[in-house]
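Notes to accompany the following structure.
The values are calculated or read from the model by the stated rules, or taken from the named source; none is laboratory data. These figures come from a predicted structure and were not determined experimentally. Glycine gets a Cβ as well: all are built from the backbone with ideal geometry, and neighbour counts include every protein chain shown.
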C-alpha cells in the first residue's frame, strides 16, 4: 500500500493576521502550523501502513518555511517527502495546486492519496477532488473510516445531520479525511532524529510550470469583516432581564 | 442564447434540502441585479414532482434531470449528468448550496469542464459589470471578494444561511418543467454506495429546528445542562452545544453546532455561556435572531448577537423559563 498525503502549512489558529499592502493576502510574518485536517490525513495514512505495510509519502507546496510540515510528518513516521518549493505556490488556486501536485508525482504509482477535508486558510475544500479528476481516479470526501476489501476499499463517509454512509470503491483513489477520524500521535525523539536522514525531494516551480495555467479565480480584496449587527444590550436585575428577553421573543422575534 | 443563471437544487430521498431555497433566493436576487434569466434544475431518479415544487417559485423554467444512475448519489454520475446538461445550456452562472454533497462532486465537475468554483460564499457584490463573490477566509477572521478570471459558466456555492430561504419569491404562474433524460454510460460510476444510516439512536437534525437553545463552557457542569433543556422545552426548541460540551460527553455529538458539527439557520438561536469561537460561529451565524447570555462582556459572541445580556446565565435562565411558560399560557 503506497499512500501520498497532501499537506499544507497555514497560519496558526490564534495568530493575529495583518493584511499586506495591496490587501490581497496576509503579511507573511506570522507563525505557521500544519493544517489540522491534514494532520489527521497523515495519521490515517500511518495507521494504514502499520496494518498493511507499504510506504507513506508526504507532499506540500510553499516557500522554504513549509518544509517544517514535511519534517514533522517524517518525524511521525512518513517515509519520504516531496516539497514543491516556491513562494509562488501560495497564491495558486485549488485547480492549479492540484495540477502542480499531479505533475510532481507523474512518475510515481500510488494506491491512495489522502488530503485533509479543507484548509484553514482558503477553505475551498476542492484540491483533493480536483486532483482525483485530473488523475482520472474515483474519490470520496469527508471520510471517517477506511478498510481494505477484496479489490478495493470500503470507506465511511460523513454526511450531514448525523448521517453516514459506507461506500465501496476501487483503487487507486483519492480520499479527503475528516478531522477526528483518529487520535493524533506525537513525534518521538527517535523519530525526529531519523527524519533528518529521510529523503526529501525538492521540486521547483519551473519543473511543474507547464502543467499549471493562469488562476481561474482571483482575490480582488481581502479585508476584516464589518460588524453588521446592531446589538441591543439588555440590562437590569435578572428577573427584569428575563422579562425583557421574553418580551423580545414575543414582539420582535415572534416565536411565542 | 440569452444569458442565464442556473440554480441546482439538492434533494435527498424525494425531499428538497431546505438550503436549496436559500440558493434559489440568491439566484432570484442575482437575476434581478443582472437581468439574466433564472432557471433551476434538480437531478435524480423520479424527480418530476420536486421539479414541480420548484416551478411554483419565481423562475423561468425548471429542468428535471433524470437517470436511474443518479440514484443513489455518486460523484461520478452527478458530475457526468451535470456536465452534459450545463455544456448544452451554457448558463453564465451556476449556483449551488455548499452542502457535503456539493463539496463532493462540484470540484470534479468544474475540473472536467475546465472551469472553477468559488466555494462557500456568503454573498455577492456587483461592481459595474463585474460580479464579486464574498467568502470567508482564515476561518472567518478575514473576508475576501473573489472574481472569476476564466470564461463562463461560473460556478458558485453558497454557505448554509447565507440567504433567507423563506424569502424565496413565488411565481405568478407555475414555471414550465422540462424532463431531460440523461444517458450515463456503463462503467462511468465507480463507487458503490451502501444505505445511508444514523449512528446515534436519538440523532436529531438540528438544521430543521426553528428554535435552538445552545450551551457552551459557561454551563460549567453536566448537571446544569438540565436548566438549558428546560428552557428549550418551554420554548418548543431543540437543545444544542458547542464542541467542548460534546467532547466532554455531556451531550451527544449530533447536537454539536459548528464547523465540525451541524450548520443551522433557525429563527432563534439562544447561546448560553458560549464565547463564540469562529468554529462555532460558522455553524450558527445564519440564525435570524441571536440572543447571547455570557458573563464575559468581551466574548466574541456579542459581535453577532441581536440581543445581548452580560450576566450569569444561572441567574437569568430560571426566571426566563417561568416567563416563557407564562407567555405560552397566554398570561
Inset, instruction - Scan the helices (runs of 4 or more DSSP H) fully inside region B:237-312 and keep the ones with 1 or more residues being over 22 Å from the mean Cα position of the chain (by Cα). - result: B:243-247, B:301-304
Inset, instruction - Could you tell me whether region A:82-92 includes any residue that is crowded, with 24+ Cβ neighbours inside 10 Å, within 15 Å of the chain's Cα centre (by Cα) and touching a residue at least 24 places away in the same chain (Cβ under 8 Å)? - result: no
Legend entry - Candidates B:66, B:33, B:22, B:53 - the one that is touching a residue at least 40 places away in the same chain (Cβ under 8 Å) and either within 20 Å of the chain's Cα centre (by Cα) or buried (at least 24 other Cβ atoms within 10 Å of the Cβ) (or both): B:22
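Per-residue answers, yes or no, for (1) within 19 Å of residue B:235 (Cβ to Cβ); (2) surrounded by fewer than 18 Cβ atoms within 10 Å (Cβ to Cβ); (3) without any contact (Cβ under 8 Å) to a residue 12 or more places away in the chain:
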{"position": "B:281", "(1), (2), (3)": "no, no, no"}
{"position": "B:289", "(1), (2), (3)": "yes, no, no"}
{"position": "B:302", "(1), (2), (3)": "no, no, no"}
{"position": "B:315", "(1), (2), (3)": "yes, yes, yes"}
{"position": "B:321", "(1), (2), (3)": "yes, no, no"}
Inset, instruction - Consider residue B:294 carefully, then state whether it is more than 17 Å from residue B:232 (Cα to Cα) and at the interface with chain A (Cβ under 8 Å from one of its Cβ atoms). - result: no
Inset, instruction - For residues that are under 18 Å from residue A:59 (Cα atoms), outside any loop (DSSP other than H, G, I, E, B) and more than 14 Å from chain B (Cβ to nearest Cβ), tally how many sit in region A:196-236. - result: 9
Inset, instruction - Hey, can you tell me all the residues within region B:127-136 that are at pLDDT 95 or above and more than 18 Å from residue A:25 (Cα to Cα)? - result: B:131
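Yes/no matrix, rows are residues, columns are (1) within 13 Å of the chain's Cα centre (by Cα); (2) within 13 Å of chain B (Cβ to nearest Cβ); (3) modelled with pLDDT under 95:
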position	(1), (2), (3)
A:64	no, no, no
A:78	no, no, no
A:102	no, yes, no
A:128	yes, yes, no
A:146	no, no, no
Legend entry - Considering residues of region B:106-118 that are in contact with a helix residue (DSSP H, G or I) (Cβ under 7 Å, 6 or more places away or on another chain) and closer than 16 Å to residue B:7 by Cβ only, the residue nearest to the other protein chains (Cβ to nearest Cβ): B:117
Legend entry - Restricting region A:1-44 to residues that are without any contact (Cβ under 8 Å) to a residue 60 or more places away in the chain and closer than 20 Å to residue A:185 by Cα, the residue that is surrounded by the most Cβ atoms within 10 Å (Cβ to Cβ): A:34
Inset, instruction - Provide a single number: the residues in region A:243-253 that are within 8 Å of chain B (Cβ to nearest Cβ) and in contact with a strand residue (DSSP E or B) (Cβ under 9 Å, 6 or more places away or on another chain). - result: 5
Inset, instruction - For region B:137-146, state whether one or more residues are buried (at least 24 other Cβ atoms within 10 Å of the Cβ), more than 7 Å from every other protein chain (Cβ to nearest Cβ) and modelled with pLDDT under 95. - result: no
Legend entry - Residue within region B:164-175 that is surrounded by 19 or more Cβ atoms within 10 Å (Cβ to Cβ), more than 23 Å from residue B:280 (Cα to Cα) and either more than 14 Å from chain A (Cβ to nearest Cβ) or more than 26 Å from the chain's Cα centre (by Cα) (or both) present: yes
Legend entry - The lone exception for residue B:100 - which of (1) under 20 Å from residue B:163 (Cβ atoms); (2) at the interface with chain A (Cβ under 8 Å from one of its Cβ atoms); (3) crowded, with 18+ Cβ neighbours inside 10 Å it fails: (3)
Legend entry - Which listed residue is over 23 Å from the mean Cα position of the chain (by Cα) and without any contact (Cβ under 8 Å) to a residue 24 or more places away in the chain, from A:207, A:240: A:240
Legend entry - Scan of region B:204-234 for residues that are buried (at least 16 other Cβ atoms within 10 Å of the Cβ) and not in a helix (DSSP H, G or I), ordered by number: B:204, B:205, B:209, B:211, B:212, B:213, B:214, B:215, B:216
